[in-house]
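Have a look at the structure below before the remarks.
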Amino acid sequence: MIKKLPFIFSLMLSISLASQNTNTVNIDWSFNSTPSATGNANSSRTIEIGDTVTWNWYSGGNHNVKSKSTANESFESQFFGNGGTFSHTFTSIGTNDYICSPHPGTMFGTITVVAEGTLSIDSFDMLGTINMYPNPTDTNLTIDFKIQNIEKLNIEVFNLLGKEVLTKQISKNDTSLLVSGLSKGVYLVRITSLNGENSTTKRFVKI
């Protein structure tokens, strides 16, 4: 009976993940794949439990993907050149810093995993722009927005365990969010229209 327990646990986990609306995030992986890169080369992403991240090698060199010792989950790929690919499905809430072992200064990122449903609302991306600054911050976070036919937004701040820690309704005349009372760490900001039809999620660091 004891020998069957790991199998039963794995089966239950598989069923649980299969019942979720999971997604796959693609990251282009080569030199200068960092959090400041644009497009798919941006190596820091926020996903939900059960989502998969796939790294795609797209240029020369010999690279791997390896989680750092502080990461919430452990994962490591083989070394590949152009055309290689590696995937990992994340199964627990937390922060996962990772690197390319030979090039940790030019190839690194963070995968932040949040609770299921945190990100699952249509995005504002096609309607306008939302800028959030300064980031990191210790006192105030400004959420500046230019969105067609929208004058106010609901703001919800979550910690990495998915717990709501702060809420506010902002307008174009009041875009500041006071975060000085929060503990140091990484937070997710869900920005939602008043009718709930559109939303986007951004991340900031409280220092």
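The values are calculated or read from the model by the stated rules, or taken from the named source; none is laboratory data. Keep in mind that this is a model prediction, so the values were computed, not measured. Glycine also receives a Cβ, built like all others from the backbone with ideal geometry; neighbour counts cover every protein chain displayed.
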Checklist entry - Which residue pairs have Cβ atoms under 9 Å apart, sit 6 or more places apart or on different chains, and have a first residue in the range 154-166 that is free of Cβ contacts under 8 Å to residues at least 60 places away in the same chain and aromatic (Phe, Trp, Tyr) and a second that is assigned to a strand (DSSP E or B) and surrounded by 17 or more Cβ atoms within 10 Å (Cβ to Cβ)? => result Phe158/Val114; Phe158/Leu166; Phe158/Tyr187; Phe158/Leu188; Phe158/Val189; Phe158/Arg190; Phe158/Thr201
Checklist outcome for this item: Okay, strands (runs of 3 or more DSSP E) sitting entirely in the range 100-207 with 1 or more residues that are over 18 Å from Pro35 (Cβ atoms) and among the small types (Gly, Ala, Ser), I get 128-133, 164-171, 176-178, 185-193, 199-206
Checklist outcome for this item: In the range 44-89, residues that are in a strand (DSSP E or B), over 14 Å from Asp28 (Cα atoms) and in contact with a helix residue (DSSP H, G or I) (Cβ under 9 Å, 6 or more places away or on another chain) total 1
Checklist entry - Quick one: how many residues across the range 176-207 are surrounded by 16 or more Cβ atoms within 10 Å (Cβ to Cβ) and without any contact (Cβ under 8 Å) to a residue 12 or more places away in the chain? => result 0
Checklist entry - What is the one condition in (1) surrounded by 13 or more Cβ atoms within 10 Å (Cβ to Cβ); (2) not hydroxyl-bearing (Ser, Thr, Tyr); (3) not assigned by TED's automatic domain parsing to the domain that holds Pro35 that Gln169 does not satisfy? => result (1)
Next on the checklist: Can you report the number of residues in the range 26-41 which are at pLDDT below 90 and surrounded by 14 or more Cβ atoms within 10 Å (Cβ to Cβ)?
Outcome noted: 2
